[in-house]
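In what follows, a structure is listed as structure tokens, so that the remarks can point back to it.
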Amino acid sequence: MSRPSAWWSCDGAGHLPAFSTGAPTRRKLLGGAAASALAVWAGQHSALAGVTLSPDAAEPGDAHPPHTLVVVFLRGGADGLALVPPYGEDAYHRLRPTLGLASPKDRRAAVPARSLDLDGFFGLHPSLAPLRPLYAEGQMGIVHAVGSPDDSHSHFEAMAAMESGLPSAASSEGWVARYLSAAPPPNPSPLRGVAFGPGLPDSLRGATHAVALESLADFRLSPLAAPMAEALAALHATSRSAGDDPVRRAGRNTLHVLKVLQRLDPALYRPAHSAVYPQSELGDGLRQTACLIRARVGLEAACLDHQGPYLWDTHVAQPGVLAAQAADLAGCLAAFAKDLGAQGMRSVTVIAMTEFGRRAQENSGLGTDHGQGSVLFALGGGIHGGEVYGAWPGLEPSQLEGPGDLRVTTDYRQVLAEIVAGVRGSEFPSASLFAGMPSSKPLGIA
């Protein structure tokens, strides 16, 4: 049984659409068009579902934001000491006699057990090998011993605090939402902010013109809705008597975006430059993000989660689980960068971050427990890569914090503020996104 023809709109807070049958009123049409994307559900078999997007499919006048920020959250507390091991420190090998990766030049260890050299002190987990060329070419930078002031060791509290961008999670807005509201364009796209998943993450909470999508196929006009689309176009058209108010402009922009989305089918999207995305949730999300960027629908921020089948919460059996997680992350990010190409990545910045790291010492279950300091990866436009940034605190007992955590020497908000200022310009109020952030010298990553 097919779904009835109907209309819906996402509310201003970016919640998932509320289904409504019946004829739309003028008030509903104006409100929906002004605040968010108007879409009509047509299932996976729309009449235009077979039309794929070509790289040059954008039309004159398409929204083209100055920059697109892509935030990948590594849920579960990724072990920064495993992803970017300080193989040059003796204490690292003492604390992790089983889990620790050997030096790149240690011929006694098998090749898969050796780290990939970055700078003579830090290495890269071998499963992150696809990212090494981006680092070597200066397209990717890494911040080590980075984290948040939250020391609860609670996934939920740490994630909520980090996504708020504030010392605590008391804010009703996320930091990406504040990023979008800090400098809204004259004619914002209904897809300024997109999260691929069942709901908006806390970082986008409070954002207008933001929506959570399982798939781009969810935003598709039904052929049965053609009369409604024509009526909307007439309603929002300019005239001498009606003028050209913000509501009409927003309505026309919404209809234009839907017209572009009508041509998009994520199943048939062809990545450029022979890029191949891993068949995973993150791979699918980044592939669709690239599709939106190349379609020029006005996307300014995309938020994705990387959880994988086991999350990054590696209390036991860490070697195999972390290797699989790292391989998927690296394959997805490398494919995304290859798909957009060097020119496309100049206007895109990707940040991969996690709520906290893991304990410096391995546990008896061949895993690691909740810690504090971890790593942050940044690549793309505005990033000065090829370097591991941050003050290294050391892993000797006197240098650890709490129950044996890598000490946080760089507040993650300082990194985000520096990156945002670097890609949006010095006049962008980046510091205002993170109230209560301690002052510090720029790292130089952006």
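Derivation of every value follows stated rules applied to the coordinates shown; laboratory data play no part. This one's a predicted model, so the numbers in the text were calculated from it and none came from an experiment. Note that each Cβ is placed from the backbone with ideal geometry, even for glycine, and that neighbours are counted across all protein chains shown.
Pulled fully out, how much extra length does the chain show between A391 and T409, if you take 0.36 nm times their separation in residues and subtract their Cα-Cα distance?
Result: 5.9 nm gained on full extension.
Output wanted: per-residue J couplings in Hz (rounded whole) for segment 196-202, from phi through Karplus 6.51 cos²θ - 1.76 cosθ + 1.60, θ = phi - 60°, x for Gly and Pro.
With the stated coefficients, segment 196-202 comes to 8, x, x, x, 6, x, 4 Hz.
For the ranges 152-164, 424-436, what's the packing order if you count other beta-carbon atoms within 10 Å of each residue, average per peptide, and put the highest first?
Put in order of decreasing packing, that is 152-164, 424-436.
Rounded, prolate or oblate: which one fits segment 74-137, using the alpha carbon gyration tensor with axes a ≥ b ≥ c (rounded when a/c is under 1.5, else prolate when a/b beats b/c, else oblate)?
oblate
Please rank E362, E137, fewest neighbouring Cβ atoms within 10 Å first, as an exposure proxy.
The most exposed by this proxy come first: E137, E362.
Which far-off residues, 5 or more places away or on another chain, put their amide H under 5 Å from the one on L213, with H placed in the peptide plane?
Distant-sequence amide H within range of L213: A195, F196, G197.
Starting from the amide H of D117, placed 1.01 Å from N in the peptide plane, find each other amide H under 5 Å away whose residue is 5 or more places distant or on another chain.
Those lying under 5 Å, H to H, from D117 are L124.
Under the rule of at least 5 residues apart or a separate chain, name every residue whose amide H is placed under 5 Å from the amide H of H384.
Close amide H contacts, sequence-distant or interchain: A446.
May I ask you to compute the full-extension gain from R270 to D117, defined as 0.36 nm times their residue separation minus their alpha-carbon distance, rounded to one decimal in nm?
Residue separation times 0.36 nm, minus the Cα-Cα distance, leaves 51.7 nm.
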